[in-house]
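Below: the structure, in structure tokens.
The values are calculated or read from the model by the stated rules, or taken from the named source; none is laboratory data. Model, not experiment: these values are computed from the prediction. In case anyone asks, the SASA skips ligands and DNA or RNA and just uses the protein heavy atoms, side chains included. Shrake-Rupley method; radii C 1.70, N 1.55, O 1.52, S 1.80 Å.
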Amino acid sequence: MSPLTLAQQYMDCLFRTNNWERLRAILADDLVFEGPLYRFHAAEDYIKSLQDDPLTDCEYTPIYQFEDDTSAALVYRFSKPGVNTIMAQTFEIHKAQIKRILLVFDSKNF
């Protein structure tokens, strides 16, 4: 599976399906997630935080996407009631799973 396909499946799990089992399958156990508001060093901790506060009434509109052999990047417009901002995420892939996610956005919009 290509890095971009994995990244798109990740986005579908978060924004469309809330399919936590599928998300668990595409994340490495030792996933590192870094963003302006949260940091995690295990997939289970990250998934638990998403389950506790799922992305409801949120949408994303792709602007740009990129991939190479081991990584993907997405730039998109994120929107929910009261918030409309540009976000970018990079995904590092190892052994057909997402190993590292870096989320970048201006947190003052939240």
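Overview of values
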{"read-out": "Stretchable slack from LEU50 to THR70, in nm (0.36 nm times residue separation minus alpha-carbon distance)", "value": "4.7 nm"}
{"read-out": "Within straight-line cross-link reach of LYS99, aspartates and glutamates at Cα separation under 17 Å, skipping those fewer than 8 residues along the same chain", "value": "GLU21, ASP29, ASP30, GLU34, GLU44, ASP45, GLU67, ASP68, ASP69"}
{"read-out": "Region 47-86, accessible area per residue, ligands and nucleic acids excluded (1.4 Å, Å²)", "value": "65"}
{"read-out": "Average projected area [Cα convex hull, the chain], square nanometres", "value": "6.1"}
{"read-out": "Normalised per residue, the volume of the convex hull around the Cα set of region 1-55 (Å³)", "value": "84"}
{"read-out": "Percent accessible area from carbon and sulfur atoms, the chain, protein chains only, probe 1.4 Å", "value": "49"}
